[in-house]
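Engineer: Sharing a structure with you now.
The values are calculated or read from the model by the stated rules, or taken from the named source; none is laboratory data. Predicted model, so just to flag it, every value in this text is computed and none were measured. A quick note on method: Cβ atoms are made from the backbone with ideal geometry, for glycine too, and the neighbour counts reach across all protein chains shown. Each accessible area value is taken on the protein alone, full model and side chains, heavy atoms only, with ligands, DNA and RNA left out. Shrake-Rupley method; radii C 1.70, N 1.55, O 1.52, S 1.80 Å.
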Amino acid sequence: MDEEVIVVGGGNSAGQAAVFLASSCRRVNVLVRSNGLAESMSRYLIRRIEDTLNITLRVRTELTALDGSDCLER
């Protein structure tokens with residue numbers, strides 16, 4: 001798949017979703033408000049995310065709006 005997706009959150013469920021999506025998407029962006037994942041995610045998942053080249057962690061990020069008609073555009 002040539003999709004770029006966003007996972008919002010830094011808990012274990014978000015980490016599992018990011019790893020799962022990385023196998024079928026071009027890029028997975030994980031957005032978290034904090035400085036990192038250490039406080040909210042298991043070490044095992046953090047390592048999997050760090051080792052997966054098409055997952056990008058974006059820290060100190062807050063989602064403020066979503067826009068699109070039939071699909072998310074921005």
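Engineer: Which one is farthest from Arg74 (Cα to Cα) among residues in region 6-21 that are open to solvent by 20 Å² or more (accessible area, probe 1.4 Å) and aliphatic (A, V, I, L, M)? Steps first, answer last, please.
Structural biologist: To start, the set of residues in region 6-21 that are open to solvent by 20 Å² or more (accessible area, probe 1.4 Å) comprises 6, 8-9, 11-13, 16-17, 19-21.
Filter again for aliphatic (A, V, I, L, M), leaving 6, 8, 17, 19, 21.
Details: Ile6: 11, Val8: 15, Ala17: 21, Val19: 23, Leu21: 20 Å.
By that ranking, first place goes to Val19.
Engineer: Now, a different point. Give me the residue from region 30-65 that is of a type in the set (S, T, N, Q) and out of contact with any helix residue (DSSP H, G or I) (no Cβ under 9 Å at 6 or more places or on another chain) and, out of that set, nearest to Asp2 (Cα to Cα).
Structural biologist: Filtering region 30-65 for residues of a type in the set (S, T, N, Q) gives 34-35, 40, 42, 52, 54, 56, 61, 64.
Narrowing further to those that are out of contact with any helix residue (DSSP H, G or I) (no Cβ under 9 Å at 6 or more places or on another chain): 34-35, 56, 61, 64.
On the way: Ser34: 29, Asn35: 29, Thr56: 16, Thr61: 24, Thr64: 25 Å.
Among those that are of a type in the set (S, T, N, Q) and out of contact with any helix residue (DSSP H, G or I) (no Cβ under 9 Å at 6 or more places or on another chain), it is Thr56.
Engineer: Can you name the condition, by its number, that Val32 falls short on among (1) over 9 Å from the mean Cα position of the chain (by Cα); (2) without any contact (Cβ under 8 Å) to a residue 40 or more places away in the chain?
Structural biologist: Result: Val32 fails condition (1) only.
Engineer: Among the residues of region 22-74, write down those that are open to solvent by 50 Å² or more (accessible area, probe 1.4 Å) and either of a type in the set (Phe, Trp, Tyr) or touching a strand residue (DSSP E or B) at 6+ places or on another chain (Cβ under 7 Å) (or both).
Structural biologist: Within region 22-74, Arg26, Arg27, Tyr44, Leu57, Arg58, Leu63 qualify.
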